[in-house]
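Q: Got a structure for you, questions after.
The values are calculated or read from the model by the stated rules, or taken from the named source; none is laboratory data. These numbers come from a predicted model, not from an experiment. When we count neighbours, we look across all protein chains shown, and the Cβ atoms used for this are built from the backbone with ideal geometry, even at glycine.
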Amino acid sequence: MKAMTLGEIAGACSGRLIAAEGSENLTVNDITIDSRTVREGSLYIPIKGARFDGHDFIESVFENGAVCTLTERPDDSVSFPQISVKSTSDALRDIAEYYRSLFPNLKVIGVSGSSGKTSTKEMIYSVLSQHFNVLKTEGNLNNEIGVPKTVFRIDEEHEVAIIEMGINHFGEMTRLAKIVRPDIAVITNIGTAHLEFLGSRDGILKAKTEMLPFLAEGGTAVLNGDDDKLRTVDSVNTSFFGFGSENSTRAENIVQKGIDGTSFTIVTDDIKADAFVPALGNHMVQNAIAAFRISQILGMPAEKAIEGIRCFRNIDGRFNVIKTGFFTLINDCYNANPDSVKASLKVISTLSGRKAAVLADMKELGSDSEKMHREVGKAAAESLDTLVCIGDEAKYILEEAVSVNPALRAVHYSTNDEAKKDIMNHLEKSDTVLIKGSHSMNLSEITSFLKEICE
């Protein structure tokens, strides 16, 4: 992290510096919201959470080397530096916005969409890191806490930063984009995630495209041109990717190579090149051509971009293939919405041999939740030999699947613990097993259980 003075920080967040004379010139080289990670040179920003209030730990952070703390409860009697603010959460974003401005030559890529954000971010990283020094969002730190944490990791050696931006309410993207100020804005799709808060796909489009007014001058929106909602965007400079012939960057000659991956041809106005991604599904091909288009915008050699696609490795819980002596597990359990579940089912339906899936509740679907779970059930009936459902809402998946395909082997459990006691009675050796549900359903427990019993 690039050092900042307390005077700079106080100015960035409109705070009042309370400290001994001359402290405005003290510098910090680390910013943290976690009192346990404070070290020499840290600025501590206490955040009020559901269970804890970071203000309760202010005294302890100075014992561990903190230079200063932000606070909503200024105490004029203490000797250590404080910056008094109305809201530490607002101040966190304000400081991140200022810190981002210290890197005018950095190329920043903002990534959002209803599904596929993280795998797209990882693909872009795999491609661009072949040529640039790249910073990326770690894991899923894509919200109003995670984005500032990523921004504070930017340093002088970075040439590109890829920042994932996740939202589920109106106004959130505006607050994130104001920090990120992307040179390239990537939107993967407008699906059915977060309908509970955003109402409709039109609402989701409106919320996601809050990013676009914050594009840097001369910036480009790289959008999925096969998405009917995104295709309507014309408020900024756009570049569309996808499978349709109208897209300026597209994939042709797609051939699934089983669990090993997918071959395809990248086609632009002046390039036609064969490529291979070691991952299942057409959605990963879409991610690859989006990354290729970004590499072109940044002036990267095409052959290096194609090598980056070939070297792609997704992170745990995002359609990872795990080969065991008993099953082939497809661990896609990090999160789920109706579109992503149906896409995953479509992928495994193309594989040879018996197919099974462990599907759990999908959250934040609002009043249409039952209907959308039933739509997934119909897709499951057409794709699987065995269906295992977990959770209260997942019972609708099972009911619909069995009504469409009475011959389907299907079972429902209320909890993961129930499933672990009985699931082996319903799976067969050599099954390919998809595992997918919303993050709160903790299906990683099922993945770990099935891996362990196969060892």
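Q: List every residue pair whose Cβ atoms lie under 8 Å apart, where the two residues are 6 or more positions apart in sequence or sit on different chains, the first residue falls within segment 274-287 and is more than 11 Å from PHE319 (Cα to Cα), and the second residue, located anywhere, is among the acidic types (Asp, Glu) and assigned to a strand (DSSP E or B).
A: none
Q: Something else about it: For segment 358-377, which residues satisfy the criterion of being under 20 Å from VAL433 (Cβ atoms) and more than 23 Å from the chain's Cα centre (by Cα)?
A: GLY377
Q: Collect the residues in segment 16-32 that are at pLDDT below 95 and either in the same structural domain as GLU144 (by TED's automatic domain parsing) or closer than 21 Å to SER87 by Cα (or both), keeping them in residue-number order.
A: Within segment 16-32, ARG16, LEU17, ILE18, ALA19, GLU24 qualify.
Q: Taking SER114, is it farther than 23 Å from LEU223 by Cα and at pLDDT below 95?
A: The answer is no for SER114.
Q: Does SER101 fit the bill of being out of contact with any helix residue (DSSP H, G or I) (no Cβ under 8 Å at 6 or more places or on another chain) and either within 18 Å of ILE309 (Cα to Cα) or of a type outside the set (D, E, K, R) (or both)?
A: So SER101 fits the description; yes.
Q: Here is a further query. Is there any pair linking a residue in segment 45-61 that is free of Cβ contacts under 8 Å to residues at least 40 places away in the same chain to one that is among the hydrophobic types (A, V, I, L, M, F, W, C) and surrounded by 13 or more Cβ atoms within 10 Å (Cβ to Cβ), with Cβ under 7 Å and at least six apart or on different chains, and which?
A: Sorted first by the residue in segment 45-61, then by its partner, the pairs are GLY54/ILE33; GLY54/ILE47; VAL61/VAL38.
Q: If only one of GLY203, GLY242, GLY219 is more than 19 Å from the chain's Cα centre (by Cα), farther than 28 Å from SER101 by Cα and modelled with pLDDT of 95 or more, which one is it?
A: Answer to the selection: GLY242.
Q: Turning to a different aspect of this structure: If we keep just the residues of segment 386-400 that are part of a loop (DSSP other than H, G, I, E, B) and out of contact with any His (no Cβ under 8 Å at 6 or more places or on another chain), which is nearest to LEU329 (Cα to Cα)?
A: By that ranking, first place goes to GLY391.
Q: Exactly one condition in (1) of a type in the set (Ser, Thr, Tyr); (2) in the same structural domain as SER239 (by TED's automatic domain parsing); (3) modelled with pLDDT under 90 is not met by SER79; state its number.
A: Among (1) of a type in the set (Ser, Thr, Tyr); (2) in the same structural domain as SER239 (by TED's automatic domain parsing); (3) modelled with pLDDT under 90, the lone unmet condition for SER79 is (2).
Q: Given the residues GLU138, GLU122, GLU144, which is the only one that is in the same structural domain as HIS283 (by TED's automatic domain parsing) and surrounded by fewer than 18 Cβ atoms within 10 Å (Cβ to Cβ)?
A: GLU138
Q: Just one of (1) crowded, with 23+ Cβ neighbours inside 10 Å; (2) of a type outside the set (A, V, I, L, M, F, W, C); (3) free of Cβ contacts under 8 Å to residues at least 40 places away in the same chain trips up PRO104, so point out which.
A: (1)
Q: While we're here: Within segment 151-180, how many residues are β-branched (Val, Ile, Thr), within 26 Å of HIS131 (Cα to Cα) and surrounded by fewer than 22 Cβ atoms within 10 Å (Cβ to Cβ)?
A: Within segment 151-180, the subset β-branched (Val, Ile, Thr) is 151, 154, 160, 162-163, 167, 174, 179-180.
Next cut, within 26 Å of HIS131 (Cα to Cα) only: 151, 154, 160, 162-163, 179-180.
Filter once more, so that each one left must be surrounded by fewer than 22 Cβ atoms within 10 Å (Cβ to Cβ): 154.
The number of residues fulfilling the criteria is 1.
Q: What residue, of ASP226, ASP234, is modelled with pLDDT under 95, part of a loop (DSSP other than H, G, I, E, B), acidic (Asp, Glu) and over 17 Å from ASN337 (Cβ atoms)?
A: ASP234
Q: Determine which member of the set VAL236, VAL255 is within 24 Å of ARG100 (Cβ to Cβ), outside the structural domain of SER369 (by TED's automatic domain parsing) and surrounded by fewer than 21 Cβ atoms within 10 Å (Cβ to Cβ).
A: Numbers: VAL255 fails: within 24 Å of ARG100 (Cβ to Cβ).
Every option except VAL236 fails the conditions.
Q: Another question, then. Please enumerate the residues belonging to segment 271-307 that are small (Gly, Ala, Ser), surrounded by fewer than 22 Cβ atoms within 10 Å (Cβ to Cβ) and in a helix (DSSP H, G or I).
A: Passing the criteria: only ALA302.
Q: Moving on to the next point. Among residues belonging to segment 67-83 that are hydroxyl-bearing (Ser, Thr, Tyr) and under 24 Å from LYS2 (Cβ atoms), point out the one that is surrounded by the most Cβ atoms within 10 Å (Cβ to Cβ).
A: Ranking the candidates gives THR69 first.
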